[in-house]
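Bear in mind that the values in this text are calculations on the coordinates, not laboratory data. Treat the numbers as computed from the prediction; the structure is a model and nothing was measured. Backbone-built Cβ (ideal geometry, glycine too); neighbour counts: all protein chains shown.
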Amino acid sequence: MRVIAGAARGRRLKGGSERGLRATSDLVRGAMFDIVQSMGADLTRVLDLYAGTGALGVEALSRGAGWCDFIEKEPRFCRLIHENLEASGFAEKAAVFCLPAEKVLTKLSSEYSLILADPPYQDEKADSVLESIAASPLVGQRTVIVLEHSKRKTPPAALGSLTLATSRRHGDTVISIYRSGGS
């Protein structure tokens, strides 16, 4: 696993083979950011939910994001995110919160321009967590939410006031992107 583009392009990231971790492939990560950037999404302030290795947030930082908060409940993966931030040179532009995604609203209150969500495919609470976040102060008029999910799952038509703008399939993975109808 490596950083695809930007300032840290080519840097190796740890953790793609950890037990219990389904890391986003380089191909899917590259496609995700190509779609997001073609939509003109703002990378000023990013939230990486269900962060795992932190590869999505590190990719955003490499591509020019000003700040990224990482949310991951597993302490061993939180340590891995810290290592990947150090290795990629972005430790000063990020914070790692070791807590379940459903607790994010108890710790964070600032608006994000981009929210990346890659929940475990079997997590039945993920849609309700994303719905809560979409209806919170974390989401503004120009926020874009990117949801990575299995092809066997139909994405919600909307998350809060954000509607499904596009879905793209890559093998077993689907990238669904939500944004305000007015952006």
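Apart from one condition, residue 126 fits all of (1) over 16 Å from residue 46 (Cβ atoms); (2) touching a strand residue (DSSP E or B) at 6+ places or on another chain (Cβ under 6 Å); (3) crowded, with 20+ Cβ neighbours inside 10 Å; (4) not hydroxyl-bearing (Ser, Thr, Tyr); the exception is (2). Tell me the residue from 99, 108, 61 that is within 23 Å of residue 132 (Cα to Cα), crowded, with 16+ Cβ neighbours inside 10 Å and either within 16 Å of the chain's Cα centre (by Cα) or not hydrophobic (A, V, I, L, M, F, W, C) (or both), please. One residue alone meets the criteria, 108. Annotation: residue 136 fulfils all but one of (1) within 18 Å of residue 175 (Cα to Cα); (2) hydroxyl-bearing (Ser, Thr, Tyr); (3) in a loop (DSSP other than H, G, I, E, B); the unmet one is (1). Taking residues in region 156-176 that are surrounded by fewer than 16 Cβ atoms within 10 Å (Cβ to Cβ), and partners anywhere that are basic (Lys, Arg) and assigned to a strand (DSSP E or B), the pairs with Cβ atoms closer than 8 Å and at least 6 places apart or on different chains are 163/179. Among the residues of region 111-123, those identified as buried (at least 21 other Cβ atoms within 10 Å of the Cβ) and under 19 Å from residue 52 (Cα atoms) are 114, 115, 116, 117, 118.
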